[in-house]
Amino acid sequence: MKKRFWLIFVVLAVLSVVGVLLLRFASLGAPAGTQFSMDTAPESVSAADKLAFKTEIDNRMAGQISANEDARLTKVEALLLEYGCTGNAHLLPELMKEGIYLLKQPGQHHVDTEYALRNGVDITVLSPVVFYDGYTQEWIVLCGGWWNSDRWKSPFAGEMGGRNRFGITCVGDPETYGSHVPYAAAGLWTADGVTGDLRAYTNYRSGGDSAGSFDFELQDHVVITGLYDRHYVGERWAGFCRFAPSYETFEAALSAYYICD
């Protein structure tokens, strides 16, 4: 009887360890599900508004010089990406201290429809966000969003479906603006924040043009730390492009979008 008890105990212990290891290291490997996409309504960004805003900020910052431009740009990038993936308005005063001014407060588009409930899609997508950098006189266009629930979470480590895509669609007259994008940045993060190793990050656009459209592609995935602490790298996302001076003359309509499997 004692031998049978110990045999059952050993078998259960082995199965438990194997189960934990499978959850810890198994790749998702499942085929991608139905693709879901979300586009915000077009937001008009007029040349007149941008020109007036630029004049106001340039006058306010006349003669100001950044003491350490590299450090400022690094801090600005972190603040912008955090704002894009959280929508936290408390970050706006911090951006203003760094010479970054918001042209227009973005709306938040919440998706929780019958389709969403069936497919585990419950997200918020920010309308396109336009900033002006008073130091560099560049314009910054930002997009971002986040998941509102964890119905989609997988218990396994590894990639989740295909690569996530997000960005800005710009409709306007490209002949009125022929500048370039001197810098871009984007990332996926966990709900824990935008710092640390639990992120996917890029400085490269996967698509778009210099006239105002841009696209980022990053692979979302689940990381398991410790025994069984799940972290979904993709719970929050954000990306931005800097547009060189003269962007203010460009009359356009901007839409933000997010696509995932």
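Brief remarks on what is shown
- Checking each residue in region 173-199 for being modelled with pLDDT of 80 or more and assigned to a strand (DSSP E or B) picks out 183, 184, 185, 186, 187, 188, 189, 190, 199.
- Whether a residue is modelled with pLDDT of 85 or more, among the hydroxyl-bearing types (Ser, Thr, Tyr) and surrounded by fewer than 21 Cβ atoms within 10 Å (Cβ to Cβ) was assessed, and residue 132 does not pass this test.
- Looking only at residues of region 34-70 that are of a type outside the set (A, V, I, L, M) and within 27 Å of residue 147 (Cβ to Cβ), we find that the one that is surrounded by the most Cβ atoms within 10 Å (Cβ to Cβ) is 40.
- Of all residues in region 248-261, those that are within 29 Å of residue 162 (Cβ to Cβ) have Cβ atoms under 8 Å from Cβ atoms of residues that are of a type in the set (Asp, Glu) and surrounded by fewer than 16 Cβ atoms within 10 Å (Cβ to Cβ), 6 or more apart or on another chain, in 255/39; 256/39; 257/39.
- Scanning region 90-120 for residues that are at negative phi, in a loop (DSSP other than H, G, I, E, B) and modelled with pLDDT under 90 yields 104, 105, 106, 107, 112, 113.
- Listed by first and then second residue, the pairs linking a residue in region 76-92 that is among the aromatic types (Phe, Trp, Tyr) to a residue that is in a helix (DSSP H, G or I), with Cβ atoms under 7 Å apart and 6 or more places separating them unless they lie on different chains, are 83/91.
- Among the residues of region 135-172, those identified as outside any strand (DSSP E or B) and at pLDDT 80 or above are 135, 136, 137, 148.
The values are calculated or read from the model by the stated rules, or taken from the named source; none is laboratory data. These figures come from a predicted structure and were not determined experimentally. Using ideal geometry, Cβ is built from the backbone for each residue, glycine included, and neighbour counts are taken over all protein chains shown.
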